[in-house]
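Here's the structure we're looking at; comments come further down.
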Amino acid sequence: MTDGGTLRLFGNAGRGSGTRRWIRLLAVNTMASVMVAGMFVLLDGRRSFVNELAVSLVFAHTIGSLAGLVLPRLARRLAWDRVALAWLALIVTLLGVAVVGCVLSALIIVAIGLVPVTHLGHLLGIGLRISLLVSLGVGVGCIVYESMRARLDAALDEVRAQEIERERAEKLAAEARLASLESRLHPHFLFNTLNAISALIPEDPERAEQLVEQLAALLRFSLAASERHTVPLGAELAVVRAYLGIEQARFGERLRCAIDLADGLESCEIPPLALHTLVQNSVKHVAAMRSGPTDIRIQGDADNGRLRLGVWDAGAWFPLDAVPPGHGLDTLRARLDVLYRGEGRLDVERVDGGKVVSITLPLRRPG
């Protein structure tokens, strides 16, 4: 398993995160220097705290800076699928950095006159023992701390990303419901429906009453769908039938519809008004534009854990890229992307001299 937190720590974070890491490293080095200087003064009261602090600071910041430069580059090249070996390589490298840094620090200390050159060997001996111990303890502790911190940041980023996706899904769903409701409340639709009802009252009052019920069911579903991201396919089919019933009252024999759905799919969950959007697209852009009969076939099947719903009509094929922003199909495609994270798809295919506009979703049932 890849140690993603450690990899994020060593160079995959942004510039601001790298700056904070260097600031924390500087603070830890300074604290370690104060502790070591204080320890030497307590062990030997003749030592000067200021001098010991200066020596400790040189050691700490030299070794710490080398570690900050070397370890990130090494960590990015390690095979983190083998975590134990990767950590072993980091620790060995940290000890090697401590040795090199100790030698450089001793030379710097002698060069600036904090310790006489005759004491160089003694300084190296003491410095190596302390530097190896402190570097191993503090270095590994910092790596573990920063790794855990990076993992926490990554988890928080994931939570924020999911929250953004959820808000986007709710917004798109609200837009789709609003668009559907607006289409239901569009004056032409309402006037045509009311005219059809009015014409049927003296001739077929039962059919007129049925149209009123279908219109009410359509409006009720559009409003109630705001409470859920998905609905059972059976409920979606009910509102599709209500919509088609209204449109057939308007178009008469010009609109012929057939539904061919595989058994056992009514309980499958789909986004509300998804199938309705496909049907409405065929009625609005094909049936309404023709003077002759228009066939619309609604099909549904499932295979390999995928649910496919399609609407066939005799209209011309069109590429999805040509669908204008804000169109019902464009909004539906965006909703599928958000709700199913790339597992939901909208397609347009040439079939039997016409086209099929379909959606393909993961097959999900309640519970």
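The values are calculated or read from the model by the stated rules, or taken from the named source; none is laboratory data. These numbers come from a predicted model, not from an experiment. FYI the Cβ positions are ideal-geometry reconstructions off the backbone, even for glycines, and counts take in every protein chain you see.
Here are the numbers for this structure:
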quantity: Tally, over region 215-255, of residues that are farther than 30 Å from Pro362 by Cα and not small (Gly, Ala, Ser); calculated: 9
quantity: Top-ranked residue of region 342-362 - restricted to ones that are exposed (fewer than 15 other Cβ atoms within 10 Å of the Cβ) and in a loop (DSSP other than H, G, I, E, B), ranked as modelled with the lowest pLDDT; calculated: Gly342
quantity: Tally, over region 179-202, of residues that are at pLDDT below 85 and loosely packed, with under 12 Cβ neighbours inside 10 Å; calculated: 6
quantity: Unmet requirement for Gln210, which otherwise passes all of (1) modelled with pLDDT of 75 or more; (2) over 25 Å from Lys284 (Cα atoms); (3) surrounded by 12 or more Cβ atoms within 10 Å (Cβ to Cβ); calculated: (2)
quantity: Residue within region 332-341 that is part of a strand (DSSP E or B), basic (Lys, Arg) and either touching a Ser or Thr at 6+ places or on another chain (Cβ under 6 Å) or surrounded by 17 or more Cβ atoms within 10 Å (Cβ to Cβ) (or both) present; calculated: no
quantity: Selected residue (criterion: surrounded by the fewest Cβ atoms within 10 Å (Cβ to Cβ)) from residues of region 250-270 that are within 18 Å of Val286 (Cβ to Cβ) and among the hydrophobic types (A, V, I, L, M, F, W, C); calculated: Ala258
quantity: Qualifying residue in region 108-125 (condition: exposed (fewer than 15 other Cβ atoms within 10 Å of the Cβ), over 23 Å from Ser48 (Cβ atoms) and either small (Gly, Ala, Ser) or modelled with pLDDT of 75 or more (or both)); calculated: no
quantity: Selection count, region 251-267, where residues are touching a Leu at 6+ places or on another chain (Cβ under 6 Å) and among the polar types (S, T, N, Q); calculated: 0
quantity: Subset of region 215-241 (residues that are modelled with pLDDT of 90 or more and part of a helix (DSSP H, G or I)); calculated: Leu233, Gly234, Ala235, Glu236, Leu237, Ala238, Val240, Arg241
quantity: Every pair of residues 6+ apart whose Cβ atoms lie under 9 Å, when the first sits in region 197-222 and is of a type in the set (Asp, Glu) while the second is surrounded by fewer than 17 Cβ atoms within 10 Å (Cβ to Cβ) and part of a helix (DSSP H, G or I); calculated: Glu209/Ile201
quantity: Residue among Ser282, Ser267 that alone is of a type in the set (S, T, N, Q), over 16 Å from Gly353 (Cα atoms) and at pLDDT 90 or above; calculated: Ser267
quantity: Residue check, Leu273 crowded, with 17+ Cβ neighbours inside 10 Å, on the phi > 0 side of the Ramachandran plot and under 39 Å from the mean Cα position of the chain (by Cα); calculated: yes
quantity: Any chance Leu133 is over 20 Å from Val50 (Cα atoms) and either modelled with pLDDT of 65 or more or touching a Lys or Arg at 6+ places or on another chain (Cβ under 9 Å) (or both); calculated: yes
quantity: Residue ID - nearest to Asn195 (Cα to Cα), chosen from residues in region 250-286 that are in a loop (DSSP other than H, G, I, E, B) and in contact with a strand residue (DSSP E or B) (Cβ under 7 Å, 6 or more places away or on another chain); calculated: Val286
quantity: Qualifying residue in region 301-311 (condition: closer than 24 Å to Glu170 by Cα, surrounded by fewer than 17 Cβ atoms within 10 Å (Cβ to Cβ) and among the basic types (Lys, Arg)); calculated: yes
quantity: Flag for Leu172 being touching a Phe, Trp or Tyr at 6+ places or on another chain (Cβ under 7 Å), assigned to a helix (DSSP H, G or I), modelled with pLDDT under 85 and under 30 Å from Arg364 (Cβ atoms); calculated: no
quantity: Residue among Leu71, Leu9 that alone is buried (at least 19 other Cβ atoms within 10 Å of the Cβ), among the aliphatic types (A, V, I, L, M) and at pLDDT below 70; calculated: Leu9
quantity: Any chance Glu167 is at pLDDT 75 or above and acidic (Asp, Glu); calculated: yes
quantity: Of the criteria (1) outside any helix (DSSP H, G or I); (2) at pLDDT 75 or above, which one Leu78 fails; calculated: (2)
